[in-house]
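Quick one: the structure is below, and I'll ask about it shortly.
The values are calculated or read from the model by the stated rules, or taken from the named source; none is laboratory data. All figures in this text were calculated on a predicted structure; none of them were measured in a lab. All Cβ positions, even for glycine, are placed from backbone atoms using ideal geometry, and neighbour counts span all protein chains on display. Accessible surface is based on the protein model in full, side chains and every heavy atom, while ligands, DNA and RNA are left aside. Shrake-Rupley method; radii C 1.70, N 1.55, O 1.52, S 1.80 Å.
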Amino acid sequence: MTPTLSVIDLQVVPNDCPLSDPLTLEVSFEADQPVKEAHWEVQYMVDMTAQRHVLQLGSTEVQDYPVGKSTMHFSASAIDISGLKRSWLNNVGLLLMILIDKAGEQIIQISMVTQIEQQGDKFIRHMLNPLE
């Protein structure tokens, strides 16, 4: 049976900054049963009407999560947007945090809508916390 996770807290640092800036995530959650040999994949998705572009930001180390409260930590030194057209960036995106078990099955996906605003030659990200 697939574990059920409840997200307790979600922190994104920094926010309201250039889209390409470093990114640190912390997700606190509770599991109703142990999650063995799982890892988190973190992606940023630019979703256009006819196209979808997914940037792989990285993943966490494989680990076991016990019943009860656990916390996931993730850091990326930057979000590399160099391969994307500027017109694609001036759009709403999604930050995705996906917990995957040892069989490759998705246990939970947390999606954060990311509002992008162009200010001069920079694209500023504002990630909307679904818990707030």
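Using a probe radius of 1.4 Å on heavy atoms only, what accessible surface per residue do you get for the chain? Whole Å² is fine.
Heavy-atom SASA per residue in the chain reads 55 Å².
Using alpha carbon coordinates only, what is the Rg to Rh ratio of the stretch 73-132, with Rh defined as the Kirkwood radius?
1.04
Tell me what the chain gives for mean residue ellipticity at 222 nm when only DSSP H runs of n ≥ 4 count, each as -39,500 (n - 2.57), the sum divided by the residue total, rounded to 500 deg cm²/dmol.
The helix-only estimate for the chain comes to -500 deg cm²/dmol at 222 nm.
Hey, another quick one. Tell me the relative contact order for the stretch 92-132 as a rounded percent, counting alpha carbon contacts under 8 Å between residues six or more apart.
34 percent
Solvent-accessible area of Asp80, probe 1.4 Å, all protein chains present, reported in Å² to the nearest ten, please.
Accessible area, nearest 10 Å²: 110 Å².
Please report, as a whole percent, how much of the solvent-accessible surface of the stretch 1-53 comes from carbon and sulfur atoms (probe radius 1.4 Å).
Carbon and sulfur together cover 46 percent of it.
If you stretched the chain out fully between Thr2 and Asp64, how much longer would it get, using 0.36 nm times the residue separation minus the C-alpha to C-alpha distance?
Difference between extended and current length: 20.9 nm.
Could I ask something else about it? Full-extension gain between Ser82 and Arg52, please, as 0.36 nm times their residue separation minus the C-alpha to C-alpha distance.
9.2 nm
Relative contact order of the stretch 4-108, please, whole-number percent, based on alpha carbon pairs below 8 angstrom and at least 6 residues apart.
Answer for the stretch 4-108 is 33 percent.
So, one more: Let me know the longest stretch in the chain that avoids all trypsin sites (Lys or Arg not before Pro) found in a DSSP loop with at most 14 other C-beta atoms within 10 Å.
The answer is 1-84.
Just one of (1) 8.4; (2) 10.9; (3) 7.5 is mean projected area of the Cα convex hull in nm² as worked out from the coordinates here. Which one is it?
Checking each listed value against the structure points to (1).
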